[in-house]
1. For region 28-85, what is the accessible area per residue in Å², given a 1.4 Å probe and the full set of protein chains?
2. Taking the Cβ-Cβ separation of THR37 and GLN130 as r and a Förster radius of 25 Å, what is the calculated FRET efficiency to the nearest 0.05?
3. Please list, in order, the residues from region 19-45 whose amide nitrogen is less than 11 Å from a point placed 7 Å along the Cα→Cβ vector of TRP86.
4. What is the gain in length, in nm to one decimal, between THR75 and ARG160 on full extension, counting 0.36 nm per residue of separation less the C-alpha to C-alpha distance?
5. For the charge dipole of region 44-160, defined by +1 on Lys and Arg C-beta atoms and -1 on Asp and Glu C-beta atoms about the Cα centroid, which residue among LEU125, LEU150, GLY65 has the Cα displaced farthest towards the positive pole?
6. Sticking with the crude label model, points 7 Å out along Cα→Cβ, report the distance from ARG93 to ARG30 in nm, one decimal please.
7. Any chance you could run the full-extension gain for ALA9 through ARG51? It's 0.36 nm times the residue separation minus the Cα-Cα distance, nm to one decimal.
8. With a 1.4 Å probe and every protein chain kept in, tell me what percent of the accessible surface of the chain is carbon plus sulfur.
Amino acid sequence: MTDLTATAARSVSHGMFTIERTYPSVTPQRVFDAFATEAGKDGWFSGPDDRWDIVEREFDFRVGGRERLKGKWKTGMVTDFQATYWDIVPGERIVYAYSMHLDDRMISVSLATFEFKPAGSGAKLVMTEQGAFLDGYDDAGSRERGSRELIDKLSRYLER
């Protein structure tokens, strides 16, 4: 017999957004390297330094490789990003799928695509994300806001 209470609580909602940034004095390869190297990723991909501490970080940048970034907020909440790389075109494109967890609850599964293009003498980054938000998790735009904050951190990292 099926447990109707458990299945009634199951739901999924979808969202999609695109973020673009132009870097006039940075090459597309430099932007790509900020994603493709552990040192590059350490320079910008994390929670807010004053409100969040890294618990675990794994980085295996290759097709089929995995990345994990788990952190604890000052409030006690734990976030856990777990990704698998599906497509890498050096200097041009990265595609990965990832799940996000709050404490022990999986709240979403997303597909993220990053394109690195020439823009005059600089570079253009185009990020597109498609997300499935699970079992009543109401994203209310927080994924896009968080992604914009990360891309802003990336911009500061690239300007150093």
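The values are calculated or read from the model by the stated rules, or taken from the named source; none is laboratory data. Only a predicted model underlies this, so the values are computations on that prediction, with no experimental measurement involved. Reconstructed Cβ throughout: ideal geometry from the backbone, glycine too, with neighbour counts over all protein chains shown. Ligands, DNA and RNA are stripped out before the accessible areas are found, and what is left, the full protein with its side chains, is counted by its heavy atoms. Shrake-Rupley method; radii C 1.70, N 1.55, O 1.52, S 1.80 Å.
1. Numbers: 2900 Å² over 58 residues.
Per-residue accessible area for region 28-85 comes out at 50 Å².
2. 0.45
3. Counting backbone N atoms under 11 Å from the label point, the list is empty.
4. Numbers: separation 85, 0.36 × 85 = 30.60 nm, distance 3.10 nm.
The THR75-ARG160 span can extend by a further 27.5 nm.
5. It is LEU125.
6. The two pseudo-label positions are separated by 2.5 nm.
7. Between ALA9 and ARG51, full extension yields an extra 12.0 nm.
8. Working: 4660 of 8880 Å².
In the chain, the share of accessible area belonging to carbon and sulfur is 53 percent.
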